[in-house]
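First comes the structure, then the notes that go with it.
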Amino acid sequence: MPLLAIRDLVKAYPQPGGVGAPVRVVDVPEFALDAGEQRALRGESGTGKTTFLNLIAGILAPDAGHLTLDGRDLAALGEAGRDRLRAETIGYIFQTFNLLQGHTVLENVELGMAFGRGVDRAHAEALLRRVGLRERLHHFPRQLSTGQQQRVAVARALANHPKLVLADEPTGNLDARNSREALALIREVCRENGAALLLVSHDEGVLAQFEDVQDFAVLNLALATRPN
C-alpha cells in the first residue's frame, strides 16, 4: 500500500458574492506516493497546488473523495484527528517559512515538536547542527539570512520524524545559489530520515533536479474546466 493514496479528491470555493456555482480548485481522480519516494509537481501560481498540499496535510477538508495517509483515511477523521495525524506524520516546508519571530531558532524547532511526539531538545539541536546552524541556536529569525531561515524551516519540518514532507515552493524566496543548496539539503535530509518528499514548484531550475516530475495541470482536472 502506498504511503499516500488519493482518489476522486475535490475542493471547490464559492465565487465572489456567492453568485454562480462554486469553482473547483482541485479535482484529482488519482494520485499515489510511496514511502521514501521523492516527487515534484510542476505548476504555475494560482493553479491549486497549495490547496492540494493543504488537503494532503489535513489543513483543509475536501468536499469529496478519499485521501489515505499511512493507512488512515483523512476524510473519515474530524478536525482534531487530522491535526494529530498531521503532527505525527507530516512535515511542511512553507515558501514564507512561517517562523515565529519572537522565538529563537531552537525554540521554533521545539515548538514544532510540541504538537507531535513531544519536545526532544537533543534531537532539535542535532537537526539544527545537521543543517549548518550550530552557532545560531539562540538567534532570532530576524538575525538570520533568508537562506538560514530556510534551514530552520527544514529542521522544524523534520523534527517529528515525519513519514511525508510537503514543500510548497520552498526555494521561492532564495537566490539561485541558496536555492540549489536548500533543495539539495531538503532531499538529502529526507533520504537520511526515510521520509517521502512531495514538492511543488513553477521553477524549472528546481524541477530539473528531480528524476520524477509530474505536471499538476495533467493531474488536476479542475484546471481544464475552470472558467476563464
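The values are calculated or read from the model by the stated rules, or taken from the named source; none is laboratory data. As the structure is a prediction and not an experimental result, all values here were calculated from the model. No Cβ is skipped: glycine too gets one built from the backbone with ideal geometry, and neighbour counts run over all protein chains shown.
Couple of notes before you dig in:
- Some residue of region 175-187 being more than 20 Å from Ala35 (Cα to Cα) and in contact (Cβ under 8 Å) with a residue 60 or more places away in the chain: no
- Selection status of Asp120, within 19 Å of the chain's Cα centre (by Cα) and surrounded by 13 or more Cβ atoms within 10 Å (Cβ to Cβ): no
Rundown of residues vs (1) of a type in the set (S, T, N, Q); (2) under 22 Å from Leu53 (Cβ atoms); (3) touching a helix residue (DSSP H, G or I) at 6+ places or on another chain (Cβ under 8 Å), yes/no style:
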site	(1), (2), (3)
Glu110	no, no, yes
Val131	no, yes, yes
Pro141	no, no, yes
Asn173	yes, yes, yes
Cys190	no, yes, yes
Glu204	no, yes, no
Phe210	no, yes, no
Thr225	yes, yes, no
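- Scanning region 20-43 for residues that are more than 14 Å from Ala222 (Cα to Cα) and touching a residue at least 24 places away in the same chain (Cβ under 8 Å) yields Phe31, Ala32, Leu33, Asp34, Ala35, Gly36, Glu37, Gln38, Arg39, Ala40, Leu41, Arg42.
- Counting residues in region 85-96 that are among the aliphatic types (A, V, I, L, M), under 18 Å from Cys190 (Cα atoms) and in a helix (DSSP H, G or I) gives one or more.
- Selection over region 187-202 of residues that are surrounded by 12 or more Cβ atoms within 10 Å (Cβ to Cβ) and at pLDDT below 90 gives a count of 2.
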